[in-house]
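Chemist: I'd like to ask you about the structure that follows.
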Amino acid sequence: MDDSWPTSAAGTHRETGVDLHLDLRLDLPPGSSHGRRAGLERALRDAVRGGRLAPGSRLPSSRRLAAETGLSRGTVKAAYDQLTAEGYLTARQGSGTVVAARPQEASPAVPGRPAGDRPPRHDLRPGSPDVTSFPASAWLRATRRALAAVPSASYDYGDPRGSAELRSALAGYLGRTRGVVAEPDRIVVVSGYVQGLALLTGVLGGQRGGPVVGMEDPGLPFHREVVRRAGGRVVPVPVDGHGAGADLPRMDAVVVTPAHQYPTGVTLHPARRHALTAWAQQSGGLVVEDDYDGEFRYDRQPVGALQGTAPDHVVYLGTASKTLGPALRLGWMVLPPHLVQPIAEAKLHTDYHTGAVGQLALADLIADHGYDRHVRAARLRYRRRRDLLVERLAGAPGRPGSQVLGIAAGLHALVSLPEDGPDEAAVLRRAAAEGLAVGALGEHWHAQGAAGRPQGLIVGYGTPGEGAYPAALAALTRALRA
């Protein structure tokens, strides 16, 4: 007889009313009855300690377990009695034998987050939308409609490029709202910008042997690390009042944020846009367009995507992270034709394909224009927040000098610090004393700590919930007050 056996027990726990079904594999050693009893005890003890038998789980009766294992009922009962005495099991009258509750053990700290770290009282960190405004009802309706309409084959392994429904919906939406040349066959759905950037870097590395990637300076340090970990070498591309690209170094690709540079908030000047696409056409390099918040422009219509002017030389990356929420893990790449197959192959061997249900729901939300309605409502909400930030800083008592820089767009703003006032470190200490978390410009330079660099705060006015925003602004003005 195979000594590695599964046991399953079905029944209703009388206290909780939960239907319990156990399917547990235990390894029992061959040998005498006494030795096998000890083996049963050890196997059950290990299952409880390892969490395979959770507290409250009902075990099979001694009669049933004996029949399934080939042990005598007395041997099983003796093992149950021993583990009950040790505190692993509990015998309840009329309920059989159940796994006893165990003291809670301290969980290990989350990597990258200090143990005991608590959310700030006021959160103005950049990078997130107001997730409390997620359109849960509209998303639920879209999910229901999508699941009711799709064939059962949609729940099988899918196309690594993404579902046909979402790629078709995105092609129409991106062409209509962002001016992107986006046939469905040029789109690959990814689980966010980070995956898209890593896939692209890896593919370029396979073609060119460790690509040199230009990235804006200042820019997001995390994205530079993504490129490095994917095998790329990062070189800085300075940003000024006209955006990036005045003097491009030798490189295979350059990553830019043309609609709303992060973190300075400037938009790429038309002359720079032409220079970037001309460089790509002449050198054979790629322009990677990060359109992370291109839908959110408040003083005019959003500037169209750079990709629309040179679709065979620009890779367009967008996501639902800023419009809906990062938890959805849905993004998209619009690629030049020669990169579609290599990117799809790379994605196939990375995660096979992105989750289908979320793709189908987003496709339905776009087709139903619920996505447009949500973006319009969010645009109004974030515009009011930016206007309030400008108003509060202009009217704050104390030394003037802090200004909101950049265009009226996006979910963040760069707030300058006056040269004769406190530096970034001092303001951040004041902010921490107020229970306020906010971004710092100094963290975004390629060479941090260099003298003569402008200083400022990066205020994520999209992050707080609607009710929490005024208090967060009040904490910010106190931190900036001389």
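Chemist: If only one of 243, 210, 206, 202 is of a type outside the set (Val, Ile, Thr) and either free of Cβ contacts under 8 Å to residues at least 12 places away in the same chain or open to solvent by less than 30 Å² (accessible area, probe 1.4 Å) (or both), which one is it?
Modeler: On the way: 210 fails: either free of Cβ contacts under 8 Å to residues at least 12 places away in the same chain or open to solvent by less than 30 Å² (accessible area, probe 1.4 Å) (or both); 206 fails: either free of Cβ contacts under 8 Å to residues at least 12 places away in the same chain or open to solvent by less than 30 Å² (accessible area, probe 1.4 Å) (or both); 202 fails: either free of Cβ contacts under 8 Å to residues at least 12 places away in the same chain or open to solvent by less than 30 Å² (accessible area, probe 1.4 Å) (or both).
Selected residue: 243, the only one of 243, 210, 206, 202 that is of a type outside the set (Val, Ile, Thr) and either free of Cβ contacts under 8 Å to residues at least 12 places away in the same chain or open to solvent by less than 30 Å² (accessible area, probe 1.4 Å) (or both).
Chemist: Also: Answer yes or no as to whether residue 443 is in a helix (DSSP H, G or I) and either touching a Gly at 6+ places or on another chain (Cβ under 8 Å) or over 26 Å from residue 119 (Cα atoms) (or both). Even if it seems obvious, please write down each step before you answer.
Modeler: Values: in a helix (DSSP H, G or I): yes; either touching a Gly at 6+ places or on another chain (Cβ under 8 Å) or over 26 Å from residue 119 (Cα atoms) (or both): no.
Against the criterion (in a helix (DSSP H, G or I) and either touching a Gly at 6+ places or on another chain (Cβ under 8 Å) or over 26 Å from residue 119 (Cα atoms) (or both)), residue 443 does not qualify.
Residues are listed down the side, and each one gets a yes or a no for (1) crowded, with 24+ Cβ neighbours inside 10 Å; (2) of a type outside the set (D, E, K, R):
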site	(1), (2)
165	no, no
181	no, yes
248	no, yes
257	yes, yes
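Chemist: Can you name every residue in the stretch 227-240 that is in contact with a Leu (Cβ under 8 Å, 6 or more places away or on another chain) and either surrounded by fewer than 20 Cβ atoms within 10 Å (Cβ to Cβ) or not β-branched (Val, Ile, Thr) (or both)?
Modeler: Quick first cut of the stretch 227-240, residues in contact with a Leu (Cβ under 8 Å, 6 or more places away or on another chain) only: 227, 230, 232, 237.
Selection gives 230, 232.
Chemist: Residue 458 fails exactly one of the following numbered conditions: (1) within 25 Å of residue 269 (Cα to Cα); (2) modelled with pLDDT under 95. What is the number of that condition?
Modeler: (2)
Chemist: So in the stretch 423-437, with the set limited to residues that are closer than 10 Å to residue 121 by Cα and in contact (Cβ under 8 Å) with a residue 24 or more places away in the chain, which one is surrounded by the fewest Cβ atoms within 10 Å (Cβ to Cβ)?
Modeler: Step one: of the stretch 423-437, the residues closer than 10 Å to residue 121 by Cα are 432, 434-437.
The next check asks that each one be in contact (Cβ under 8 Å) with a residue 24 or more places away in the chain; those that pass are 434-437.
Numbers: 434: 18, 435: 15, 436: 23, 437: 19.
For the stretch 423-437, the residue satisfying everything is 435.
Chemist: Something else: Would a scan of the stretch 459-471 turn up a residue that is more than 22 Å from the chain's Cα centre (by Cα), open to solvent by less than 10 Å² (accessible area, probe 1.4 Å) and within 16 Å of residue 403 (Cβ to Cβ)?
Modeler: There is no residue in the stretch 459-471 that is more than 22 Å from the chain's Cα centre (by Cα), open to solvent by less than 10 Å² (accessible area, probe 1.4 Å) and within 16 Å of residue 403 (Cβ to Cβ).
Chemist: I've got another one for you. Please work out which one of (1) more than 42 Å from the chain's Cα centre (by Cα); (2) at pLDDT below 85; (3) open to solvent by 90 Å² or more (accessible area, probe 1.4 Å) is the condition residue 63 fails and give its number.
Modeler: So the condition that residue 63 fails would be (2).
Chemist: Give the residue, chosen from 132, 177, that is of a type in the set (Val, Ile, Thr), assigned to a helix (DSSP H, G or I) and either within 30 Å of residue 470 (Cβ to Cβ) or in contact with a helix residue (DSSP H, G or I) (Cβ under 7 Å, 6 or more places away or on another chain) (or both). Even if it seems obvious, please write down each step before you answer.
Modeler: Working: 177 fails: either within 30 Å of residue 470 (Cβ to Cβ) or in contact with a helix residue (DSSP H, G or I) (Cβ under 7 Å, 6 or more places away or on another chain) (or both).
Testing whether each residue is of a type in the set (Val, Ile, Thr), assigned to a helix (DSSP H, G or I) and either within 30 Å of residue 470 (Cβ to Cβ) or in contact with a helix residue (DSSP H, G or I) (Cβ under 7 Å, 6 or more places away or on another chain) (or both) leaves just 132.
The values are calculated or read from the model by the stated rules, or taken from the named source; none is laboratory data. Since the model is a prediction, treat every value here as computed from it, not as a measurement. Backbone-built Cβ (ideal geometry, glycine too); neighbour counts: all protein chains shown. Ligands, DNA and RNA are stripped out before the accessible areas are found, and what is left, the full protein with its side chains, is counted by its heavy atoms. Shrake-Rupley method; radii C 1.70, N 1.55, O 1.52, S 1.80 Å.
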